[in-house]
């Protein structure tokens, strides 16, 4: 099977997430990177592309130019990964979607709610697929957790505790020339949410993915602890889900000692589940009234949803890149099926999940502006 | 040195916390239990007392009778431990305090705010000492954490995450004849707070003890998940401290897989600390920008506040009973000093900490009744 | 029930283990310390005794004098705790045993094999009980492990991995005035084994207690890493048990980062168990082919052997002192029964276990002297 | 930069390690699989090759044919990965080495000591590179550990404890049609060592890689616990290193609850290090007399050797496949340099490390046959 021809928007030399997408796309050998608008100038784009082995004439300084030309090429890109700062997601995605090129886009969906709605419309109008890389949903133990909830092993859900603390913005890094910090704390590029958009959405999305719950309302208290910071760096949210479950969400970028400590704990009438992103090959399961069990990736008693997203035997840890690669691998399934006009069932985050995330960010920002009043979703 | 003569109110056969107080009072050999109103009838009290080796004529069916008679005895009790359900704390403490007998009282201070205020007045009027057993403050690593915050190692405090989940009330145990469950879910005996009074106060107290922060306001969402339960069994609170720090508090009695998972995490401008009650001999310390360090009880680099509350070398775990015994040991210091009219500095929880806890419970209940509106403290 | 009148040999100021025995004897309120030969001079003994509230005339400078006089007193000691350096165990125990006074003795049994055999004879001739404080066998989760093996949940035993590393002798502390280090590295007081006698015996004893296996032969490589040290500070042993199981034992006092990291792992045809002394409220159980389960002290599914040695509910950690107190508590049962001439079944370490430990030490020393040749037990 | 043209011997459908090599070779995009003798018949090889997108005429049924033809092709393979059972390593490697094609070979080097020596000779005679995939040496925290030892942070080495338990052969899987179990328990294909060759060598190699120590002698007790098994399934070894350090090595395939629990602990005069393969993003470091520190992959204070082998920021776990890919990535450096006749310094396992491993296996087997007598290396 020929690999899928992939393009990339963003992801030039200094970027972080572009490199992650490239590795994820390579792990299962189903994509080949062949073109890119890796930077916002043609010169930089060519330099970055050269380092990646791209042909010079397929390194573009502009995503619109790229979309136009690639759409006309005989062997133009079939899919594009958009890995820019948030405000570029919508305009870039639009150009590819309208030309029938599949889009694999980083999160959050967009920097504004208005853009998010336009992007939903663009995706719905397009024949191409739109896939959002809420990559944490690709971890095998997250899939196991979701399957266990769906099968009723936890019972009616009561309490959802989700958190995503980091520490890398404890000091005002945005003033020290760190590019990753600069755009993430800039409302023009990130949108109205800082920490809540960057990692709060991951936490929110993960909780929904595993539990299947829909949010009913929230009360959020966003704070910028670092002097001069323009966006929130700490997020406290109380959650009320449809059906009566309640939750708390904490995300922070000023919590020393936390690297990427995304953690989800869910409790129902019949049991509890606990999962931590930094130790992703484990899932704690407690059937109420029995000892805790430590489920492992591809290990004893693993659910099919866990086995099918694992590459190696238990005890040989898979990590962040493999979880991310699971998104790419399933995207490949969807893209290959689309060649035949098929649209298989899948668990990939969609443009609607993306809208849901932007609605969440918007609700948090509005609630916090009103002294953490409850906001209906 | 002769042991201090101790009496006990409550703590008869079926009780839980009475036995804990007795062990805690014995560990360092500084108290001798000599009298008790262990149950609410003389007969049961005598039966429980006999099992404990008490003289029959010092087993009372009534705490008032006990207070009156013991106060007149030449070798009457010098101190009394009150280990009844919450609503008895105030009336019992009053009788002993007004006769100059020291009181060591379980938490929460009282079942109502009105009682709490009266108890403060009674304690202030008395020459006797009043000590509240917020026992978790007695753990050596909690003392270490407090000392580190006080010495500025964490810097200006920003974020406080505290939680205390349990699972023992996941099912409606109060309907199954479990005495411990019955009174804890009965407003007449527990007060207006269920889980928030029983364990939420411990979490709140611990956060304040370690950080030294004073609460400014809170927004609480209390829930009774189990059908027919009359008091909350899950507590979500957002906290705003004076000086700008913010926090979240979660306590629950319906979280399967959690036994007594009290956990405190605090983050400041310079570092972070993390402590878990179920693994109490450890304290994680991260100076921002450096690797995490695992501090141990009485271990390498232990603070004097840690060493002085430890009995054995590092690596030989001390636990809940030793932490509780530290409260008794320091109570003994205070009581011995009081014999000479001295009032030494100490870290023991006082009647004012008790009032603070009842104010917290009251504020949570009021906030929750108003849809989690912010309530000023 | 009146407490048992207890005496103590050794355990004066400066000592470590004496204080531990005293706390352990107090926790359940079944012993009262009334006499002691706490030091080897009357003066020091009286000073130490005064601090413990002993009557001056029951503070002896000599264990023989103590044994003689206490045996004649109307309310003389019923039992004595021997907590001296190893070489004193035998002569002291002998004096009490021959006068019908029960002995609770620290480990290892004696400093020489010859003494051990004489002590066995003395104990067998005496009407009094002899109890050895291999205290780690008192932990509830160790009792749970033993019961699970006995009930066949692990199946025929194959592999036993036991270790007890410490780090406190990494530097030559015996040259720096540390009394605990001095006698432990002195062959005259410790016997021919250093680390192997001090903690290797604990590891060996624990493995036997849990598995029920009897050692068939061993090959030991003992090392003194610290220059000038007269006894071993690192112990490597290969073990062959009767019936075909095999094992490894490692103990060390020069392993930086290890406090008292006693750990036992046993594997049979049907499952595995793992327990660590520093986190003693947990026991990992893997039925082969199923997920690991984390059993807890007094927690869900706890065995009766676990429940009956626990004092408080799960999640409130008990530790080293409570495990030690379980030995004292059961010793009290045995002593009380002995008043009526009864000899109840119990799990307490006996003088025969003590001999077994000294035989182990002796075999290790002999094997190591012969280049780690196999030595039959 | 054009990817390196890679071939593969072994690794057809059903195989385990072949797929791992392919992923590892893709992660950094520096290799392209273009040919293979994936199975021992042309038909099966073509079927496996088709699934991997190989051209049919470059799918061979015989490694000699493959070596001959590829050596003549203009764009023939530059390097070959050998991922067969052990006994094929030497004959296959020989064919490629003598034609100047670089070899990346799985471990152990060969199934016999004689073959190992011949392979060393073949590699030394060849201009091509020979790289052995002792993949655990590729983990960033293993590189960090090695660098710390080399820089003297641990001091003169004293004790090395290394272990690699698994549980997948607890039952006689070789009789149940599990191909992976069959050849690993067959002396003709594995060699004289079972568990000791399969995973004991990994443990031995890792200890040497991190500490830099050379083995002086060993005493090994190998056991086959499962009835009818022809090779050892449990390995106990005592180690004596040149310079006086001592160690223990345990590997097992019959330890229920262990997946791939490779763990290394090393202790020197100044400190200790502990690393566990199943949680590979962490390294415990204890400078003697100070609290333990938890070093993380690419985290605070990471050594250059750690940073340079990491792909993503700390807290986003990398795992087994990334560690394996580090071997491939460095192999690519070496191969690219070889195009220019350069031979850069590197940390990759060489044919000499492979010989060292086979010598270790041979010594273990000989020692065990002589009742665990000491065998000089």
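Residues in the stretch D:19-35 that are away from chain A (no Cβ under 12 Å) and crowded, with 24+ Cβ neighbours inside 10 Å: D:35 only. Could you tell me whether the stretch A:101-115 includes any residue that is within 14 Å of another protein chain (Cβ to nearest Cβ) and under 17 Å from the mean Cα position of the chain (by Cα)? Taking every residue of the stretch A:101-115 in turn, none turns out to be within 14 Å of another protein chain (Cβ to nearest Cβ) and under 17 Å from the mean Cα position of the chain (by Cα).
Residues in the stretch D:12-59 that are assigned to a loop (DSSP other than H, G, I, E, B) and either touching a strand residue (DSSP E or B) at 6+ places or on another chain (Cβ under 7 Å) or without any contact (Cβ under 8 Å) to a residue 60 or more places away in the chain (or both): D:12, D:13, D:29, D:30, D:38, D:39, D:40, D:41, D:52, D:53, D:54, D:55. Within the stretch B:314-361, the residues that satisfy the criterion of being in contact with a strand residue (DSSP E or B) (Cβ under 7 Å, 6 or more places away or on another chain), surrounded by fewer than 24 Cβ atoms within 10 Å (Cβ to Cβ) and closer than 19 Å to residue B:212 by Cα are B:348, B:350, B:353. Taken over the stretch C:339-351, the residue count meeting the criterion of being within 21 Å of residue C:324 (Cβ to Cβ) and assigned to a helix (DSSP H, G or I) is 1. Checking the structure you have, find out if any residue of the stretch A:355-366 is more than 24 Å from residue A:27 (Cα to Cα), without any contact (Cβ under 8 Å) to a residue 40 or more places away in the chain and more than 14 Å from every other protein chain (Cβ to nearest Cβ). Yes: the stretch A:355-366 contains one or more residues that are more than 24 Å from residue A:27 (Cα to Cα), without any contact (Cβ under 8 Å) to a residue 40 or more places away in the chain and more than 14 Å from every other protein chain (Cβ to nearest Cβ). The sole residue among B:189, B:146 that is within 29 Å of residue A:236 (Cα to Cα), under 18 Å from the mean Cα position of the chain (by Cα) and surrounded by fewer than 24 Cβ atoms within 10 Å (Cβ to Cβ) is B:146.
Against the list (1) within 14 Å of another protein chain (Cβ to nearest Cβ); (2) under 20 Å from residue B:356 (Cα atoms); (3) touching a strand residue (DSSP E or B) at 6+ places or on another chain (Cβ under 7 Å); (4) assigned to a helix (DSSP H, G or I), the condition residue B:136 fails is (3). Each residue in the stretch A:271-297 was checked for being farther than 30 Å from residue A:19 by Cβ and part of a loop (DSSP other than H, G, I, E, B), and 4 pass. The residue that is nearest to the other protein chains (Cβ to nearest Cβ), among those in the stretch C:303-327 that are more than 21 Å from residue B:315 (Cα to Cα) and part of a helix (DSSP H, G or I), is C:306. Here is a check on your reading of the model: is residue B:216 over 30 Å from residue B:313 (Cα atoms) and touching a residue at least 60 places away in the same chain (Cβ under 8 Å)? Answer is yes for this residue. Checking each residue in the stretch B:60-86 for being in a loop (DSSP other than H, G, I, E, B) and touching a residue at least 12 places away in the same chain (Cβ under 8 Å) picks out B:60, B:61, B:62, B:75, B:76, B:77, B:78, B:83, B:84, B:85. Checking A:262, A:295 one by one, the residue that is more than 18 Å from residue D:311 (Cβ to Cβ) and under 24 Å from the mean Cα position of the chain (by Cα) is A:262 and no other.
When you check residue C:300 against the structure, is it within 14 Å of chain B (Cβ to nearest Cβ), farther than 28 Å from residue B:313 by Cβ and either under 20 Å from the mean Cα position of the chain (by Cα) or assigned to a loop (DSSP other than H, G, I, E, B) (or both), yes or no? When the stated conditions are applied, residue C:300 passes them. Of all the numbered requirements in (1) in contact with a strand residue (DSSP E or B) (Cβ under 9 Å, 6 or more places away or on another chain); (2) surrounded by 24 or more Cβ atoms within 10 Å (Cβ to Cβ), residue A:116 misses one, and that requirement is (1). The residues of the stretch A:254-285 that are in contact with a strand residue (DSSP E or B) (Cβ under 6 Å, 6 or more places away or on another chain), within 14 Å of chain D (Cβ to nearest Cβ) and closer than 30 Å to residue B:155 by Cα, listed by number, are A:255, A:256, A:257, A:258, A:261, A:262, A:263, A:276. Exactly one residue out of C:269, C:274, C:322, C:290 is farther than 28 Å from residue A:302 by Cβ and at pLDDT 95 or above: that is C:322.
Is it true that residue A:243 is in contact with a strand residue (DSSP E or B) (Cβ under 9 Å, 6 or more places away or on another chain), surrounded by fewer than 24 Cβ atoms within 10 Å (Cβ to Cβ), at positive phi and assigned by TED's automatic domain parsing to the domain that holds residue A:365? Yes, satisfied.
The values are calculated or read from the model by the stated rules, or taken from the named source; none is laboratory data. This one's a predicted model, so the numbers in the text were calculated from it and none came from an experiment. In this analysis, Cβ positions are derived from the backbone assuming ideal geometry, glycine residues included, and neighbour counts consider all displayed protein chains.
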